[in-house]
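What follows is one structure encoded as structure tokens, with my remarks underneath.
The values are calculated or read from the model by the stated rules, or taken from the named source; none is laboratory data. In this text the structure is predicted, and so the values were computed from the model without any measurement. Here the Cβ positions follow ideal geometry from the backbone for every residue, glycine too, while neighbour counts run over all protein chains shown.
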Amino acid sequence: MEGGLETVYHALRGELLRFLIARTGNAAEAEDVLHDMWLRIGEGGSGPIANPRAYLYRIAQNLVLDRLRETKRREVRDRAWMELATGADMRRPDPVDPHADALEQMTAREEVARLASAIANLPPGARRAFQLHKVEGMPQGEVASRLGISKSGVEKHMAVAMKYLRRALSED
Amino acid sequence: MTETIIDRAIAWHRAQDDADFDWDGFTLWLEADPAHRLAFDEIALLDARIADHRPALAALLPPIAAVPVALPATEDPMENRVMPPRRWGLRAGGGIAAAIALAVAVPALLTLSPLNLSPLNLSSPPSAADYRTGAGQSRTIALKDGSRIALAASSHLRVEGKGQDKLTLEGGALFDIPHRPDRTMTIRAGGQEISDIGTRFDILADARTMRVAVAEGVIALRPAGAGNAVRLPAGRQMVIDRAAHQGEISAVAPDAIGSWRQGRLIYEAVPLSLVASDISRYAGVPVRAGADVAGRRFSGVLIVGDGSGLVGEVAQLMDLRIMREGGRGGGREGGAVLLRAGGG
């Protein structure tokens, strides 16, 4: 199958690049991602693929998300270190390794509490749909029958939930 | 970021896993405006943030009831039960969601005696036991008849009576009392006397306000010394302001009752003063609501976590300012937290 996927990749390289430039807003980054994609495909092991074109687009989409997350993680960590440093005991010369884990754990706990609070405070319909689908991982069709509403009803609830959560969590 | 762009971003994001997703259309939308890409980034990151913490969130969040909790819209089961005045006034208050809240005027003869905590009381039977919890602790007390009481942090329960049937509470507790036809258990809290009839209910009381919420069964509640009682069935709560002689009955979701035991503080239209005193037991510092906001009603869920985020949470949800009252030496260490109305 790898041979087939590589062929598709070459055939679609142009449009994949165009998509990635639109997705990242940056031609150099788009080329980087395209290269990473090539490496990822080369690793193989994906098994039979029903829709190679969609598959390649999804890889591209996920690689862009990975980069966004890494950038965000670095921003958050830098900010947390700065906040820690301003109150830190400056007599300690080397606050690196022993504190790194503690800082990460503390940040993660606060993050979870913040997320949980935002979700728990959603409007009830949106909360039920969001929690079942996103937190408990129930497929949308099942959520619909569980709540006694249509699939498009679930979609509307999900959209409301995302809007609320974006606003509630936007201070970060 | 206009609302329409975010709406579109949310819609594209939701659809991206569909087998027939329109990648060409998505590309065109991204190309049309840099704001589109930025909006999509936001939504994708938000989604990933939540996905990262799914197991912890699943453990923390209150479970979804099998059937969505439907509050009775028109029928009011309290209508037949609340005693009309001689000494109680009835006034229909504002509703909460679909529930009807009755404001019950508590008679002026209500004695606001503080709980008598003196250990020696010659008239009390010999078997009196005191259970106390400190900050951040909770404990469960099991009585001989199978009753279980989960005592919240910074609270005090006294158990008296030959049959362990006279309880006094300061603070918060969740009660699980099996029904026994041969005895009635009474609980004094917040100047009220609650008699149980086989129930599960949660009490939260401070010096001024008391909230009792019933998850199962029915309780009877009357001010200490008064003749008339109010019956409170499952799915109902009563919030009593002793100073104002006001009591309000409203609906409450049974699932939410006692959720503090799972680290979730769920309030429905509870005065901020009581929320503040409740938070104090988890936050490790005294928290109080200023006079300008003490009476505001709070409905929402606070996740306890390690307690440090609670003050910030409620301040954000209710648009309050956080002020520190002087601690030792006038500095910020150890001082109490005061919540006031926010600037904007």
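Odds and ends about this structure:
- Single match in B:229, B:220, B:215, B:269 (criterion: in contact (Cβ under 8 Å) with a residue 60 or more places away in the chain, surrounded by fewer than 24 Cβ atoms within 10 Å (Cβ to Cβ) and not assigned by TED's automatic domain parsing to the domain that holds residue B:319): B:229
- Condition met for residue A:143 (free of Cβ contacts under 8 Å to residues at least 24 places away in the same chain and either among the aromatic types (Phe, Trp, Tyr) or in contact with a His (Cβ under 6 Å, 6 or more places away or on another chain) (or both)): yes
- Matching residues in the range A:109-132 - criterion: being farther than 21 Å from residue B:316 by Cα, under 19 Å from the mean Cα position of the chain (by Cα) and surrounded by fewer than 20 Cβ atoms within 10 Å (Cβ to Cβ): none
- Scanning the range A:1-17 for residues that are surrounded by 15 or more Cβ atoms within 10 Å (Cβ to Cβ) and either under 22 Å from residue B:34 (Cβ atoms) or within 14 Å of chain B (Cβ to nearest Cβ) (or both) yields A:8, A:12, A:15, A:16, A:17.
- Check on residue B:50, within 7 Å of chain A (Cβ to nearest Cβ) and touching a His at 6+ places or on another chain (Cβ under 6 Å): no
- The residues of the range A:18-49 that are in contact (Cβ under 8 Å) with a residue 40 or more places away in the chain and within 14 Å of another protein chain (Cβ to nearest Cβ), listed by number, are A:19, A:20, A:23, A:24, A:49.
- Among residues of the range A:68-91, those that are at pLDDT 75 or above, surrounded by 13 or more Cβ atoms within 10 Å (Cβ to Cβ) and more than 14 Å from every other protein chain (Cβ to nearest Cβ), counted: 1
Every residue, every condition in (1) in contact with an Asp or Glu (Cβ under 7 Å, 6 or more places away or on another chain); (2) modelled with pLDDT of 85 or more, yes or no:
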{"residue": "B:21", "(1), (2)": "no, yes"}
{"residue": "B:24", "(1), (2)": "no, yes"}
{"residue": "B:34", "(1), (2)": "no, yes"}
{"residue": "B:54", "(1), (2)": "no, yes"}
{"residue": "B:63", "(1), (2)": "no, no"}
{"residue": "B:68", "(1), (2)": "no, no"}
{"residue": "B:84", "(1), (2)": "no, no"}
{"residue": "B:88", "(1), (2)": "no, no"}
{"residue": "B:96", "(1), (2)": "yes, no"}
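- Checked against (1) under 30 Å from residue A:80 (Cα atoms); (2) more than 7 Å from every other protein chain (Cβ to nearest Cβ); (3) modelled with pLDDT under 90, residue A:118 passes all but a single condition, namely (3).
- When the range A:50-67 is filtered for residues that are within 10 Å of another protein chain (Cβ to nearest Cβ), crowded, with 16+ Cβ neighbours inside 10 Å and more than 13 Å from residue B:23 (Cα to Cα), the ones remaining, listed by number, are A:64, A:65.
- Any hit, the range B:257-279, residues being of a type in the set (Asp, Glu) and part of a loop (DSSP other than H, G, I, E, B): no
- Residue count for the range A:22-35, restricted to those that are part of a helix (DSSP H, G or I) and within 10 Å of residue B:37 (Cβ to Cβ): 3
- Positions within the range B:189-212 being more than 22 Å from residue B:279 (Cα to Cα) and either surrounded by fewer than 21 Cβ atoms within 10 Å (Cβ to Cβ) or at pLDDT 90 or above (or both), in sequence order: B:193, B:195, B:197, B:198
- When residue A:144 is tested against (1) closer than 23 Å to residue B:39 by Cα; (2) modelled with pLDDT of 90 or more, just one condition goes unmet, and that condition is (1).
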